[in-house]
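Here's the structure we're looking at; comments come further down.
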Amino acid sequence: MRDQSTLKPASHAAQAIADLWWILFVVSVIVFFVVVALLLVGVLRRRGGGEPDRSTSRGATKFVAIAGVVVPAVVVISLFFASVATLPAVSPAGKNARMTIDVVGRQWFWDVYYRSRSIRTSNEIHIPVGVPVEIRVTSDDVIHSLWVPRLNRKIDVIPGQTSSVVFDANKAGVFRGQCAEFCGVEHGNMALLVIAEPQTRFDRWLTNEAKPAPASAGLSAFVGSGCSGCHAISGAPQQSRFGPDLSHFGLRQTIGAGTLTNTPEQLADWIRDPQRIKPGNKMPKLGLPEPEIQALVRYLESLQ
Ligand code: CUA
């Protein structure tokens with residue numbers, strides 16, 4: 001399940017960002033206390049009253065020149081080089097990605113494509129541990145931003161433009177990501193999970209994802225209830241791309257881009273009234289009879 005125990009970086013890039021963050025934090029704390037100390041000195045000295053002593057003005061000028069020009073210059077220039085040193089670690093060009101995954105931001109979910117295997121999935125990105133993976137992002141509507149803090153910096157997801165970020169997980173785990181650019185009413189419920197797993201497990205997942213759903217009574221119910229008007233399931237006759245792809249939905253951990261946990265009860269709640277759970281999302285309340293909802297839940301959870 002979701003790994004919430006720690007916020008420790010799980011990649012070289014995230015480690016570099018965390019290191020830089022600590023440097024910036026420590027320096028800013030030191031600067032803050034020095035400024036406060038100088039303010040206090042100024043305030044307390046003033047209490048003494050009287051004219052400033054002209055004999056100390058040369059020393060004062062020297063102090064202002066060093067503390068006001070030289071020290072800030074050294075601090076800013078050092079921080080600049082510390083930041084520049086971090087750039088290669090987070091840049092997509094700095095790594096030899098061995099795999100590419102396309103992610104399309106949509107209001108309000110993530111469309112995920114493994115094009116070499118003709119796989120489409122939603123809101124979960126599986127990657128192998130120890131393999132640099134290029135995540136190529138674009139948007140289908142407004143500007144979103146993909147951010148998985150434990151793996152890399154955030155990357156803006158812009159319509160008509162393709163940008164890249166590399167995920168290179170150095171340990172297995174489930175890393176939560178979130179849309180980090182306000183994109184409308186359900187921006188807050190636009191999460192995703194990155195599941196990093198050992199290569200053999202990843203390969204098994206990939207092979208399984210590439211399999212189409214078997215034709216069944218459940219599939220007919222899915223088509224008959226109108227679900228296929230928006231959602232695709234590999235192997236189904238209709239392949240609408242409007243809503244999230246539901247192939248192998250039973251293996252996913254969440255419903256509605258991280259809004260609910262994927263359990264039969266919560267899925268039934270979702271189908272009954274998605275607008276109550278995620279107001280403004282594009283799935284309407286269908287008003288289906290209860291037995292039909294239960295049949296859909298059984299079918300969708302069986303898609304493994
Ligand atoms: Cu998508 Cu915020």
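The values are calculated or read from the model by the stated rules, or taken from the named source; none is laboratory data. Owing to the predicted nature of the structure, the values given are computational and were not obtained by experimental measurement. Cβ coordinates were reconstructed from backbone atoms using ideal geometry, including for glycine residues, and neighbour counts include every protein chain displayed. The area values use the complete protein model at the heavy-atom level, side chains included, leaving out ligands, DNA and RNA. Shrake-Rupley method; radii C 1.70, N 1.55, O 1.52, S 1.80 Å.
Scan the range 151-161 for residues that are within 19 Å of residue 196 (Cα to Cα) and within 12 Å of the ligand (Cβ to nearest atom) and jot them down.
Hit for the range 151-161 is 154, nothing else.
Residue-by-condition table, conditions (1) within 13 Å of the ligand (Cβ to nearest atom); (2) in contact with an Asp or Glu (Cβ under 7 Å, 6 or more places away or on another chain):
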position	(1), (2)
116	no, no
129	no, yes
137	yes, no
140	yes, no
146	yes, no
149	no, no
165	no, no
173	no, yes
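Please specify each residue of the range 157-171 satisfying the condition of being crowded, with 17+ Cβ neighbours inside 10 Å and in contact (Cβ under 8 Å) with a residue 24 or more places away in the chain.
Matches in the range 157-171: 157, 165, 166, 167, 168, 169.
Hey, among 137, 129, which residue is open to solvent by less than 20 Å² (accessible area, probe 1.4 Å) and touching a strand residue (DSSP E or B) at 6+ places or on another chain (Cβ under 8 Å)?
The unique qualifying residue is 137.
Yes or no, residue by residue, for (1) outside the structural domain of residue 262 (by TED's automatic domain parsing); (2) within 16 Å of residue 114 (Cα to Cα):
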| site | (1), (2) |
| --- | --- |
| 155 | yes, no |
| 164 | yes, yes |
| 178 | yes, no |
| 188 | yes, no |
| 196 | yes, yes |
| 207 | yes, yes |
| 243 | no, no |
| 247 | no, yes |
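Using the structure shown, decide if residue 62 is within 16 Å of the ligand (Cβ to nearest atom) and not assigned by TED's automatic domain parsing to the domain that holds residue 231.
Answer is no for this residue.
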